[in-house]
Amino acid sequence: MLRIIFIFCFAICCVNTKSFCQAKDSITLYNGEVLVGAVQGSNLGVISIDDIDLKMLNIKLFKIKTLVIFERFKIETIDKEIYFGTLKTSDKYGWVDIHTSDGKNIPIHITKIYQLISVDNDFFKRLNGNISAGMSFTKSSGIGQVNFNASLQYATKLFDYYLSASTIGSIDSGKYSRDNENFQLLATYDLTPTWFVAGAGQYQRNLELSIARRYLGMFGPGNKLIIRKNLRLLATTGITFSQEKSTEGVSSGLLWEVPIMFQFNFYQFSHPDIQISSSQSVYFSLSQKGRVRYDGSTTFSWQLIRYFYINISPYTNYDSKPPTGSGSNFDFGIVFGLSYKF
């Protein structure tokens, strides 16, 4: 029994010693503050580190003086290059040396890092997103409404996954009405540093356009048109197939469309701290002659404190040939909310 206890204690000591001796990532800021821990990833001008004292922190890249990362990452730059390797401090402040898997050392300014994706198997290191809720006003009801939005991004060495959900509902005379809903799962795979292929599944509901539900699938190529320090613009096209059911209970057959979709992100971290995210999509029908649909939404975010933001999100939906019984082919709204980003 004593031998078993001794072996157990020895094993624990070995594990703890290994954990303690394992090299830690570090970030030194221009204000002199030093953070030590495990870098989780980076996206849209912000790097996340699990600090050993302060827990999870999000640091803006332009504030970083030196950066050291021992774990291997997939590193995407604003010059549309992709590397796999570690990051070591450079002899110039604000720069790092990328030590690639094939032995190359590539110097780069820290603010030119577009995205860092861990190639570790830790699920939570690859996960980020936001949750928001608030009040809104829409044309469909003319009364105050409640809204909920959430988005998640999960990245791997080969694929990026994006999950988004939004719902707007109204309460009138004690009854809750689901006025507008949108759920989407999108997956992308990089073919080159510039080109990618995308596939998506989507559910939509819009009572103003008499859509009780729409199921939609999409597949096609995309391109990273513009990647800069503070903005990016992606474009995707291909083919979509969908099936609709109107609020009168009439179901359509299988509908085919050609989409043109744009995703735009802008961020400014100097005062004021502003972030803009916009998604604009146009669908040209192949099944119904002359039918054109448009879905657009834009979110403006202002940071209040650390992880909390105020959001203003106008959205627009248009359908040149909505289902029979619809009294309108156009819907719009403005959503106000408070969001938490992680």
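The values are calculated or read from the model by the stated rules, or taken from the named source; none is laboratory data. Keep in mind that this is a model prediction, so the values were computed, not measured. Backbone-built Cβ (ideal geometry, glycine too); neighbour counts: all protein chains shown. Accessible surface areas use protein heavy atoms only, side chains included; no ligands, DNA or RNA. Shrake-Rupley method; radii C 1.70, N 1.55, O 1.52, S 1.80 Å.
Across region 249-308, what is the total count of residues that are closer than 30 Å to N130 by Cβ and not in a strand (DSSP E or B)? Working first, answer last.
Taking region 249-308 and keeping what is closer than 30 Å to N130 by Cβ, we get 257, 259-283, 293-308.
Remaining after also requiring not in a strand (DSSP E or B): 269-273, 306-307.
Within region 249-308, residues that are closer than 30 Å to N130 by Cβ and not in a strand (DSSP E or B) number 7.
Here is a check on your reading of the model: is T192 hydroxyl-bearing (S, T, Y), on the phi < 0 side of the Ramachandran plot and either buried (at least 18 other Cβ atoms within 10 Å of the Cβ) or touching a strand residue (DSSP E or B) at 6+ places or on another chain (Cβ under 6 Å) (or both)? The answer is no for T192.
When you look at I106, is it in a strand (DSSP E or B) and surrounded by fewer than 19 Cβ atoms within 10 Å (Cβ to Cβ), yes or no?
Working: in a strand (DSSP E or B): yes; surrounded by fewer than 19 Cβ atoms within 10 Å (Cβ to Cβ): yes.
Criteria met by I106.
Pick out the one residue from K229, K157, K224 that is under 20 Å from K80 (Cβ atoms), outside any loop (DSSP other than H, G, I, E, B) and in contact (Cβ under 8 Å) with a residue 60 or more places away in the chain.
Details: K229 fails: outside any loop (DSSP other than H, G, I, E, B); K157 fails: outside any loop (DSSP other than H, G, I, E, B).
One residue alone meets the criteria, K224.
Determine whether region 157-168 contains at least one residue that is open to solvent by less than 40 Å² (accessible area, probe 1.4 Å) and β-branched (V, I, T).
As a first pass, look at region 157-168 and keep what is open to solvent by less than 40 Å² (accessible area, probe 1.4 Å): 160, 165-168.
Next, only the ones that are β-branched (V, I, T) stay: 167-168.
Yes; the residues of region 157-168 include at least one that is open to solvent by less than 40 Å² (accessible area, probe 1.4 Å) and β-branched (V, I, T).
So that you can scan it fast, the table gives a plain yes or no per residue for (1) in contact with a strand residue (DSSP E or B) (Cβ under 8 Å, 6 or more places away or on another chain); (2) more than 21 Å from P322 (Cβ to Cβ); (3) surrounded by fewer than 17 Cβ atoms within 10 Å (Cβ to Cβ):
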position	(1), (2), (3)
S177	yes, no, yes
N182	yes, no, no
L186	yes, yes, no
R205	yes, no, no
A212	yes, no, no
S242	yes, no, no
G253	yes, no, yes
V258	yes, no, yes
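One line per residue, one yes/no per condition, for (1) part of a strand (DSSP E or B); (2) over 29 Å from A198 (Cα atoms); (3) of a type in the set (D, E, K, R); (4) at pLDDT 90 or above:
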residue	(1), (2), (3), (4)
I117	yes, no, no, no
K125	no, no, yes, no
N130	yes, no, no, no
T167	yes, no, no, yes
A187	yes, no, no, yes
